[in-house]
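Let me begin by presenting the structure, written as C-alpha cells, before commenting on it.
The values are calculated or read from the model by the stated rules, or taken from the named source; none is laboratory data. Here the structure is a predicted model, which means the values were calculated and not measured. Please note: Cβ atoms are built from the backbone with ideal geometry, for glycine as well, and neighbour counts cover all protein chains shown. Areas reflect the complete protein model, heavy atoms only, side chains present, ligands, DNA and RNA absent. Shrake-Rupley method; radii C 1.70, N 1.55, O 1.52, S 1.80 Å.
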Amino acid sequence: MTLGNRIKQLRQANNLSQPEFAEKAGIEQSYLSKLENDKSLPSNDIFRGLLAAFGITVGEFLADLDWSAEKSRLVQIADLDQWFQAQSNVQLEKQRRYLYRCSGLIVLAVTLFYIGFSKQLFDEHYTQYISRGVIFPDESKHIFYNWDDLIDRSVEGASRKARAKAVEMEKRFDEIIVTHDDDNGAHYVEEVEGGRRYFKKYKSIQKPRRVNAWLQVLGVFLFGAGVMGFVIERRLFSSRH
C-alpha cells in the first residue's frame, strides 16, 4: 500500500468524502486528490494536519503501509524520517542485546564444557584406605603389621607364644577398604566400638561422575545454540529493515 492509498483508506474508513476531508485537513480538494493518487508528496506541516484530521499517530498511520518500498519517498517528510530513525535505533538495540545473549551462551557453554572436561569442580579422583582390624586400647596402631616383632624370641616358649598370637590375629583380622573424596594423608586413626581402626593409604582410583558428562553435553548444546543464533541473526533482523 502506498502513501496515497493509505490516506484514501483512512478517509473512507472515517466515512468522509474528498471535499469533507479536505476541509477538515485545511487543504484544497484538488491537492488531496493528488496526494491520494501519489502525484504529490505532502510537506511535513500538511502531513501533521492529515494526522490531526484522522486523530492518529505516525505509527498508526504507517501500520498498514508498505513503508519498506515507500521509504525513499517517505523520509522526505521530517516527522516520518525521525520515526524511521527512532525505529532503527530500537532495532539496533534489540540486535545488540540479541548478539550479547548469543555471545553469553557461547561463553557459558565453553565454561561448562571446561568444568566437565577438566573435572576441577567435580573431581573424579578418590583415595582408598585399608584397615586390617580393630586395635585394642592398649595396643600399638601397627599391631596388625608388626605383632610378630613384639614377641621376645629369646625367652622360653617364644615359638608357642608366636603361634598363639598368630592364631589370635588371624581371628581378629577384619580387613575393610574405605574410599574418600579427599586425600586424608598417609594414614589416619578412627575410633570404633571396642577400640580404634588404623587406616593406611591403599591406592588412588578414578571413578567417572555423571555430572561431568552432563556438563559437557550441556556445554555442547549451549555452544550450538549460541552459534546458531549468530547464523540466523542476519536473516532475523535484516528482514525487518
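Among Gly157, Gly185, Gly226, the largest mean-square fluctuation in a Gaussian network model of the chain, built with springs joining Cα atoms closer than 10 Å, belongs to Gly157. Measuring nothing but protein heavy atoms, the accessible surface of region 1-102 at 1.4 Å probe radius is 45 percent carbon and sulfur. For Gln120 and Ile177, the FRET efficiency from 1/(1 + (r/R0)^6), where r spans their Cβ atoms and R0 equals 30 Å, is about 0.70. Local charge for Leu99 was computed over the other residues whose Cβ lies under 12 Å away, with Lys and Arg +1 and Asp and Glu -1, and equals +3.
Using the Karplus relation 6.51 cos²θ - 1.76 cosθ + 1.60 with θ = phi - 60°, the per-residue 3J(HN,Hα) values for region 131-136 come to 10, 8, x, 7, 9, 6 Hz, with x marking Gly and Pro.
Please compute the modelled spin-label separation between Tyr145 and Asn14, points set 7 Å along Cα→Cβ, answer in nm with one decimal. Computed distance between label sites Asn14 and Tyr145 equals 10.0 nm. Find the relative contact order for the chain and round it to a whole percent, using C-alpha pairs within less than 8 Å whose residues are 6+ positions apart. Relative CO of the chain lands at 24 percent.
In region 142-180, which trypsin sites (Lys or Arg not before Pro) fall in coil by DSSP and have 11 or fewer other Cβ atoms within 10 Å? Passing sites in region 142-180 are Arg153. Counting only protein heavy atoms and a 1.4 Å probe, region 74-204 has 66 square angstrom of accessible area per residue.
With 31 Å as the limit, the listed pairs Lys161/Lys203; Lys119/Lys171; Lys165/Lys201; Lys119/Lys141; Lys165/Lys207; Lys165/Lys200 have Lys161/Lys203; Lys119/Lys171; Lys119/Lys141; Lys165/Lys207 beyond it between alpha carbons. The Cβ shell under 15 Å around Asp45 holds other residues with a net charge of -2, Lys and Arg each +1, Asp and Glu each -1. Here is what passes the span test in the chain: the DSSP H helices with alpha carbon length of 18 Å or more along the helix axis and a Kyte-Doolittle mean of -0.5 or above are 78-118, 210-238. Recomputing Rg/Rh (Cα atoms, Kirkwood Rh) from the coordinates shown identifies the correct label among (i) 0.97; (ii) 1.63; (iii) 1.03 as (ii).
Across region 195-205, computed HN-Hα scalar couplings (Karplus, 6.51 cos²θ - 1.76 cosθ + 1.60, θ = phi - 60°) run x, 8, 10, 9, 9, 10, 4, 9, 6, 9, 10 Hz from first to last residue, x flagging Gly and Pro.
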